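The values are calculated or read from the model by the stated rules, or taken from the named source; none is laboratory data. Values in this document were obtained by computation on a predicted structure and should not be read as measured data. Here the Cβ positions follow ideal geometry from the backbone for every residue, glycine too, while neighbour counts run over all protein chains shown. Side chains are part of the model used for accessible areas, which takes the heavy atoms of the whole protein and leaves out ligands, DNA and RNA. Shrake-Rupley method; radii C 1.70, N 1.55, O 1.52, S 1.80 Å.
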Amino acid sequence: MYTQALNTRETTTESSPDADRFQARIDAEERIEPNDWMPDAYRRSLVRQISQHAHSEVIGMLPEGNWITRAPSLRRKAALLAKVQDEGGHGLYLYSAAETLGVTREELQDQLLTGRARYSSIFNYPTLTWADIGTIGWLVDGAAIMNQIPLCRCSYGPYARAMIRVCREESFHQRQGFEIVLTLCRGTPEQKAMAQDALNRWWWPCLTMFGPPDTDSQHSDTSMQWKIKRFTNDALRQKFVDATVPQGHFLGLTFPDPDLHLDEATGHWQFGAIDWAEFRAVLAGNGPCNRERLEARRKAHDEGAWVRDAALAYAAKQRNAA
Amino acid sequence: MATTSIALDESPRIRTLLTLADDALILGHRLSEWTGHAPTLEEELALANIALDLIGQARALYQATGIDEDALAYLRDPHQFRNALAVELPNGDFAFTIVRLFLVSAASDAFWRGAVGADDPDIAAIAGKAEKETAYHVRHAADWLVRLGDGTAESHRRAQSALDALWPYTGELTASADRPAWLHAVGPVLQRATLTPPADGWMQSGGRQGRHTEHLGHLLAEMQVLPRTYPGATW
């Protein structure tokens, strides 16, 4: 396979003429392509980030998939199915983007299934009502867009190009989610209560989606220098809060944060303290659905093994016959 | 929308539309259950795609009745559904899902190709789109069926066992006059898949008359839960 050639290339970060040239290209806003020289740490960092992103898309199919069979109208059923299908598609081209860095999809999936890889903590929360489907679109996809729009200008070409399409679809999902919540908020008192309850449960976990505060983040500095990342966690989080709070007020919903207020001086919405202990617990595997999510993926993988074997066996027979 | 079941005065046209629509909706619903659980990521996308086509066909057909599509999907009781029994059976393993998709799509394919020139302008219009979609469903299912049948010993065993289990449900997939053509369509693929079609014997039927298996009630209980629980709500 084309990408396996990359595994054998010797690259070291000590080679300073290479490293200098590399950084100069980054500084000049050039895209780095798969066969270009890159520091090992840049490669590792990208593999980690892109595969986490791909895993998140695939795991993210589960909480929303939970409502496909119970979507309350045929229009909603088709839209939700299409949305979850989009997420599978994002997973697929993100795995492909990661493969350009010399790893295989199988290795990455193995890391996920054996619990060695991370995915977004948000998908370890349960979808308890239909309002969660709207709220995930509105808030989770909204937060994802804040994170991902800058990635369209990421220094690594295949990732940046994948993100252009991903972002276009995510923006559509975000609007679709908002429209579900809007319909609930304009509906019966039970529907409005459903929307409020969903906001209460999802708001704080969504704020942690941007990662730990800048003072704690391990990867931000080099990621910024390499233009894998262009804004800090805290800057993106603030941008999300500023964009989302007026939307929530338009819906007539109350954010579950008594400290939330508009700072007239800065024009930013100030929010209360995030429970980082919960975030760390969920990342460490102790969220409400961590075990179920991984178990569902392992089950699909294990139960699909005979199917993949059959496809390989058939392909081998065809090759031999040719 | 009320929560109580709707009463229908089924003209022959409405009955035809509901029969086609219910087949598409229930099979689409079953395929959508695979989302997040399919054997490969590519197949996740393919099954969801086929499910979307089928749900789209169901919507167009329900709309052609002039009755609210959601009332038809969400506020009928099991005995008011006209789908063939084959489509309501649980998914089983991937072999069962693929064998069913193949057998049902082969029947739909012949129907939609014929319906392109139908006198009913709604059915003819729907057929224009559905015949292309269904031709793809047949091709996708056939590709997998051949891989499974002619793959490993295990995949062959699973595919043959699915075929044996499903065969008695194929009697109501076509009008009896159309069965020879259907057998002629599925035969060569089964042969390529090294699978043996069971002899036509006793056929289980009843779906077209609203006499269903135990499975449809569970499927509908899940599908209809929100509109039934919250009367009058708009979603």
Exercise for review: Run the quick spin-label model on A:GLN23 and A:SER171: label points 7 Å from Cα toward the beta carbon, then report their separation in nm to one decimal.
Suggested key: 3.5 nm
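Find the all-direction average of the projected area of the Cα convex hull for the stretch B:1-136, expressing the result in square nanometres with one decimal place. Working shown, then result.
On the way: hull surface 33.7 nm².
Result: 8.4 nm².
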Exercise for review: Enumerate the amide H contacts of A:HIS268 below 5 Å, restricted to partners 5 or more residues apart or on another chain; note that Pro and chain-start residues carry no placed amide H.
Suggested key: A:ASP263
Revision key, fill the gap. Placing +1 on each Lys and Arg Cβ and -1 on each Asp and Glu Cβ in the protein assembly as shown, then taking the dipole about the Cα centre, the residue among B:HIS29, A:SER51, B:TYR230 whose Cα reaches farthest towards the positive end is B:HIS29
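Taking only protein heavy atoms into account and a 1.4 Å probe, give the accessible area per residue of the stretch A:137-255 in Å². Write out the running numbers ahead of the final one.
Details: 4730 Å² over 119 residues.
Result: 40 Å² of accessible area for each residue.
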Exercise for review: Sort the protein assembly as shown into rounded, prolate or oblate with this rule: let a ≥ b ≥ c be the square roots of the eigenvalues of the Cα gyration tensor; rounded if a/c is under 1.5, and if a/c is not under 1.5, prolate when a/b is larger than b/c, oblate otherwise.
Suggested key: oblate
Point to revise | Residue among B:GLY92, B:GLN57, B:LEU183 farthest towards the positive dipole end of chain B, charges placed on Cβ | key: B:LEU183
Check your understanding: Which of the trypsin sites (Lys or Arg not before Pro) found in the stretch A:113-194 are in a DSSP loop and have at most 13 neighbouring Cβ atoms, other than their own, within 10 Å?
Key -> A:ARG116, A:ARG186
Point to revise | Taking only Cα atoms of the stretch A:87-217, radius of gyration then Dmax in Å | key: 16.7, 54
Review point. Non-local amide H neighbours of A:ILE32 (under 5 Å, H modeled in plane, Pro and chain starts lacking H): which ones?
Key: A:TYR156, A:GLY157
Exercise for review: Report P(r) for the stretch A:174-272: all Cα-Cα distances, bin width 5 Å, range 0 to the bin holding the largest distance, values in whole percent.
Suggested key: 2, 12, 19, 21, 16, 13, 9, 5, 2, 1, 0
Review point. ³J(HN,Hα) across the stretch A:17-29 via Karplus (A = 6.51, B = -1.76, C = 1.60, θ = phi - 60°), whole Hz, x for Gly/Pro?
Key: x, 4, 5, 5, 4, 4, 5, 5, 5, 4, 5, 7, 6
Practice item. Give me the distance in nm between label points sitting 7 Å out from Cα along the Cα-to-Cβ direction at A:ASP221 and B:THR194, one decimal. Key: 6.1 nm
Revision key, fill the gap. Asked for the total accessible area buried by A and B (1.4 Å probe, Å², nearest 100), one would answer 3900 Å²
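Write down the Å³ per residue value for the convex hull defined by the alpha carbon atoms of the stretch B:12-229.
On the way: hull volume 25.2 nm³, N = 218.
Normalising the Cα hull of the stretch B:12-229 by residue number yields 116 Å³.
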Study note, to complete from the structure: Helix A:74-99 sits off the longest principal axis of the Cα atoms of chain A, rounded to the nearest 10 on a 0 to 90 degree scale, by 30 degrees
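Report the calculated FRET efficiency for A:HIS261 and B:ASN91 (r = Cβ-Cβ distance, R0 = 45 Å), to the nearest 0.05.
Details: r = 51 Å, r/R0 = 1.13.
E between A:HIS261 and B:ASN91, to the nearest 0.05, is 0.30.
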**Study point:** Distance between modelled label sites at A:ARG44 and B:SER161, nm, 7 Å Cα→Cβ extension
**Key:** 4.7 nm
**Study point:** Cα gyration tensor shape of chain A, rounded if a/c is under 1.5, else prolate or oblate by comparing a/b with b/c
**Key:** oblate
Review point. Shape of the stretch A:175-214 from its Cα gyration tensor (a ≥ b ≥ c, root eigenvalues): rounded if a/c is under 1.5, otherwise prolate when a/b > b/c, or oblate?
Key: oblate
Check your understanding: Which one of B:GLY171, A:MET163, B:ALA199 is farthest out on the positive end of the charge dipole of the protein assembly as shown, using unit charges on Cβ (Lys, Arg +1; Asp, Glu -1) and the Cα centre as origin?
Key -> B:ALA199
Exercise for review: Let me have the 222 nm mean residue ellipticity of the protein assembly as shown computed from DSSP H runs of 4+ only, each contributing -39500 (n - 2.57), with the sum over all residues rounded to the nearest 500.
Suggested key: -20500 deg cm²/dmol
Review point. From the backbone phi of the stretch B:10-16, what are the Karplus-calculated ³J(HN,Hα) couplings (6.51 cos²θ - 1.76 cosθ + 1.60, θ = phi - 60°) in whole Hz, Gly and Pro given as x?
Key: 8, 6, x, 5, 5, 4, 4
Point to revise | Derived scalar couplings ³J(HN,Hα) [the stretch B:155-172; Karplus, 6.51 cos²θ - 1.76 cosθ + 1.60; whole Hz; x for Gly, Pro] | key: 5, 5, 4, 5, 5, 5, 5, 5, 4, 4, 5, 7, 3, x, 8, 8, x, 9
